[in-house]
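The values are calculated or read from the model by the stated rules, or taken from the named source; none is laboratory data. Predicted model, so just to flag it, every value in this text is computed and none were measured. No Cβ is skipped: glycine too gets one built from the backbone with ideal geometry, and neighbour counts run over all protein chains shown. Heavy atoms of the whole protein, side chains included, go into the accessibility calculation; ligands, DNA and RNA do not. Shrake-Rupley method; radii C 1.70, N 1.55, O 1.52, S 1.80 Å.
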Amino acid sequence: MRHPLLLAISAFVVWSGAFLTIYAVQATGCSLDWQSGNLEAWTSPLRLLLITMMIASVAAVVVILLRQLRPRLKEPVSETSSFINGVAIYVSIAALFSTAFCFTGVVWLTLCSA
């Protein structure tokens, strides 16, 4: 049986890990000059990597949310556990919005200061 409190914080744990990872990769890429390579007319290897990481982090939060929405037929549920599961769903929705809102800047913002 999964602990309901762990479900409530799991989406924001994924968000914070993605936040740290994306900005660590951005700082490393800037120091190693990954932004100057040109793969296509509009992107660099660093931007492509950051966009891929953004999509992966949004997908991870969506997977957590879908897992929380799945009905549990075999487990007996107490009133407190049911309430925390409902809160966990709303927290995951907030984490999904936060993930999409915070990380979309990698698509159009300047990657490195000159």
Item to complete: Hand me the chymotrypsin sites (Phe, Trp or Tyr not before Pro) from segment 15-65 located in a DSSP loop with no more than 14 other Cβ atoms within 10 Å, in residue order please.
Response: Trp42
Fill in: Coordinate range along principal axes, alpha carbons of the chain, Å, largest first
57, 21, 20
Worksheet item: What is the gain in length, in nm to one decimal, between Cys30 and Thr80 on full extension, counting 0.36 nm per residue of separation less the C-alpha to C-alpha distance?
Response: 13.2 nm
Discussion item. Between Ile9 and Phe101, what is the label-point separation in nm under the 7 Å Cα-to-beta-carbon projection?
Written reply: 2.2 nm
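Treating only the Cβ atoms of Lys and Arg (+1) and Asp and Glu (-1) as charged, compute the dipole magnitude of the chain about its Cα centre; round to the nearest 20 debye. Let's see the in-between values first.
On the way: 6 positive and 4 negative charges, 78 e Å.
Using only the charged Cβ atoms, the result is roughly 380 debye.
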Worksheet entry | the chain, helix-only ellipticity at 222 nm - DSSP H runs n ≥ 4, -39,500 (n - 2.57), divided by all residues, nearest 500 | -25000 deg cm²/dmol
Discussion item. Suppose all protein chains stay in the model; what accessible area per residue would a 1.4 Å probe give for the chain, in Å²?
Written reply: 65 Å²
Worksheet item: Which Cys in the chain stand alone, with every other cysteine's Cβ at 4.7 Å or more from theirs?
Response: Cys102
